[in-house]
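Working notes for the structure below.
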Amino acid sequence: MPSAGYAPLDINGIRSYLNALPVARDRLGQEASAWRIREVGDGNLNLVFIVEGKGAVVVKQALPYVRLVGESWPLPLKRSFFESNALFIQERYAPGLTPQIYHFDDRMALIVMEYLSPHIILRKGLMQRKIYPKAATTIAQFMALTLYNTSMLASSAEAHKARIELFASNTALCKITEDLVFTDPYREAALNRWTSPQLDGIKAEFERDNPLKLAAQEKKWQFVTEAQALIHGDLHTGSVMVTDSDTRVIDPEFAFVGPIAFDVGAIIANYLLSFFSHRGQSQDGGPDSYCDWLLGQTEMLWTVFEAQFLKLWEQQPSGEVFAQGLFETPESTAALAAHRHVFMQKLFRDALGFAGCKMIRRILGLAHVQDMESIKDPDVRARAETMALIFARQLLLQAHGFSGIADVTAAAQEHASPAKV
């Protein structure tokens with residue numbers, strides 16, 4: 001239930017609220033009556049307003065239900081608390097890679113934050129076949145910095161357990177992931193939807209596919225039980241804003257202390273979905289330089305993340321595990337270096353499994369991606385989605401068959417062949 005004093009705000013309410021907030025008035029300037037306010041929330045959960053005067057801010061307010069579905073699906077307002085705290089922590093470890101927070105109101109479930117302009121949502125840019133030379137590298141650096149520094153590779157046990165406690169009650173949003181990503185796509189569920197009748201057959205196959213369902217449940221087990229680091233929890237190309245020279249990660253309301261590989265797999269999945277959406281629209285399956293660029297960026301995501309994560313581990317081993325002083329002889333140093341390689345290989349394969357789950361849910365579950373949804377011809381859309389589903393199944397069931405990220409992109413290219421559909 002909403003707390004006492006909570007009310008969802010409209011444009012007039014936003015104007016009055018910000019006019020009473022000194023930090024907002026100072027940033028916006030002008031008289032409040034001159035401010036330009038528009039509601040731009042196109043996501044699944046919240047109200048989002050852009051307010052412009054001489055300066056500008058964004059106001060994000062949680063609703064007490066899932067906006068995509070309506071009041072029949074209630075949702076706690078406390079998700080704004082988790083989002084604001086995640087942003088504060090991410091800013092600490094990855095400064096300049098998230099929007100700055102100016103004000104958080106727990107009672108109103110409302111955050112006033114930096115307006116990113118002329119940024120656009122990365123997904124929209126990729127749909128328009130735009131090149132962002134720094135985006136994948138920056139996202140990878142963001143993941144390495146935030147995931148390493150909020151793990152016990154860098155933290156004391158006390159600090160780590162405090163983070164777990166801080167985010168432990170973000171159960172409602174975790175439940176969304178647990179159901180929509182790992183369970184519903186593999187069964188009959190009221191909220192599932194897919195391109196029908198074109199995908200009816202493959203949807204039925206996935207519901208009968210016991211090895212696939214078991215693999216998805218293993219990833220769900222990992223998602224629920226592995227408290228490794230503070231993860232964003234919903235890291236996709238719709239939660240990244242970009243220009244040619246600047247990249248910011250937004251919307252961490254799903255944050256909790258979970259498996260590191262989940263964030264990595266989620267963003268890889270979304271670059272792959274973009275790739276398959278473009279390849280599926282190709283008439284002849286011939287060379288496509290933009291698709292090649294997308295696969296190159298997919299490789300960059302893992303390559304830079306792995307290198308940055310290992311660098312942090314080697315240079316800042318300040319955590320409770322693999323503690324300083326344990327590995328000081330040449331023999332023990334070599335043993336730790338070998339173990340780091342094993343650790344990163346497991347993380348890589350776990351990320352591929354999570355990527356497969358994320359791709360499947362975006363085609364057979366509730367919340368789809370515009371990369372696919374924007375393809376108006378259902379036969380063409382189904383072709384792109386089928387390519388992605390078949391490849392996602394391979395990621396989930398055969399992650400150990402990929403020795404590196406180049407193997408993944410090569411296999412994606414092979415699955416995008418017209419002969420494969």
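The values are calculated or read from the model by the stated rules, or taken from the named source; none is laboratory data. Computed from a predicted structure; not experimentally measured. FYI the Cβ positions are ideal-geometry reconstructions off the backbone, even for glycines, and counts take in every protein chain you see.
Among the residues of the range 385-421, those that are β-branched (Val, Ile, Thr) and either touching a strand residue (DSSP E or B) at 6+ places or on another chain (Cβ under 9 Å) or modelled with pLDDT of 95 or more (or both) comprise THR386, ILE390, ILE405, VAL408, THR409.
For ILE131, are the conditions met, namely being outside any helix (DSSP H, G or I), over 30 Å from GLY5 (Cα atoms) and among the β-branched types (Val, Ile, Thr)? Judged against the criteria, ILE131 is a match. In a residue-by-residue description of the range 360-371, the property of being surrounded by fewer than 19 Cβ atoms within 10 Å (Cβ to Cβ), assigned by TED's automatic domain parsing to the domain that holds ALA261 and without any contact (Cβ under 8 Å) to a residue 40 or more places away in the chain applies to no position.
Can you find even one residue in the range 18-30 that is at pLDDT 95 or above, out of contact with any Ser or Thr (no Cβ under 7 Å at 6 or more places or on another chain), under 25 Å from ALA367 (Cβ atoms) and not basic (Lys, Arg)? Within the range 18-30 (the criterion being at pLDDT 95 or above, out of contact with any Ser or Thr (no Cβ under 7 Å at 6 or more places or on another chain), under 25 Å from ALA367 (Cβ atoms) and not basic (Lys, Arg)), the answer is no, since none of the residues qualifies.
Does any residue of the range 242-263 turn out to be assigned to a helix (DSSP H, G or I), among the small types (Gly, Ala, Ser) and within 28 Å of HIS160 (Cα to Cα)? Scanning the range 242-263 turns up at least one residue that is assigned to a helix (DSSP H, G or I), among the small types (Gly, Ala, Ser) and within 28 Å of HIS160 (Cα to Cα).
Within the span defined as the range 91-102, every residue fails to be touching a Gly at 6+ places or on another chain (Cβ under 9 Å), at negative phi, buried (at least 17 other Cβ atoms within 10 Å of the Cβ) and outside the structural domain of GLN141 (by TED's automatic domain parsing). Looking only at residues that are aromatic (Phe, Trp, Tyr) and surrounded by fewer than 22 Cβ atoms within 10 Å (Cβ to Cβ) in the range 280-302, which one is nearest to GLN394 (Cα to Cα)? Selected residue: TRP293.
Here is the figure for the range 264-283: residues that are among the polar types (S, T, N, Q) and outside any loop (DSSP other than H, G, I, E, B) total 3. Here ALA216 does not qualify as in a loop (DSSP other than H, G, I, E, B) and out of contact with any Ser or Thr (no Cβ under 6 Å at 6 or more places or on another chain).
Taken over the range 28-51, the criterion of being closer than 14 Å to SER16 by Cα and of a type in the set (Asp, Glu) is satisfied by GLU31 alone. Screening the range 244-279 for residues that are crowded, with 24+ Cβ neighbours inside 10 Å and of a type in the set (Ser, Thr, Tyr) and picking the one that is farthest from THR303 (Cα to Cα) gives SER277. Checking LEU326, LEU312 one by one, the residue that is part of a helix (DSSP H, G or I), assigned by TED's automatic domain parsing to the domain that holds ILE176 and not basic (Lys, Arg) is LEU312 and no other. Considering (1) touching a residue at least 24 places away in the same chain (Cβ under 8 Å); (2) of a type in the set (S, T, N, Q); (3) surrounded by fewer than 17 Cβ atoms within 10 Å (Cβ to Cβ), the lone condition that THR386 does not fulfil carries the number (3). The residue that is surrounded by the fewest Cβ atoms within 10 Å (Cβ to Cβ), counting only those in the range 62-90 that are over 17 Å from TYR6 (Cα atoms) and of a type in the set (Gly, Ala, Ser), is SER72. Whenever a residue of the range 240-268 is without any contact (Cβ under 8 Å) to a residue 12 or more places away in the chain, it has no partner that is basic (Lys, Arg) and assigned to a helix (DSSP H, G or I) lying with C-beta atoms less than 8 angstrom away and at least six residues away or across chains.
Name the pairs whose Cβ atoms lie under 9 Å apart, with the first residue in the range 275-292 and not assigned by TED's automatic domain parsing to the domain that holds ALA410, the second buried (at least 20 other Cβ atoms within 10 Å of the Cβ) and in a helix (DSSP H, G or I), and 6 or more positions between them or separate chains? Partner pairs satisfying both residue conditions: none exist. Contact map, the range 13-34: first residue basic (Lys, Arg), second residue crowded, with 17+ Cβ neighbours inside 10 Å and not in a helix (DSSP H, G or I), Cβ cut-off under 7 Å, separation 6 or more or different chains; pairs are ARG15/TRP35; ARG15/ILE37; ARG27/VAL57; ARG27/TYR102.
The set of residues in the range 164-187 being small (Gly, Ala, Ser) and either free of Cβ contacts under 8 Å to residues at least 60 places away in the same chain or assigned to a loop (DSSP other than H, G, I, E, B) (or both) consists of ALA168, SER169.
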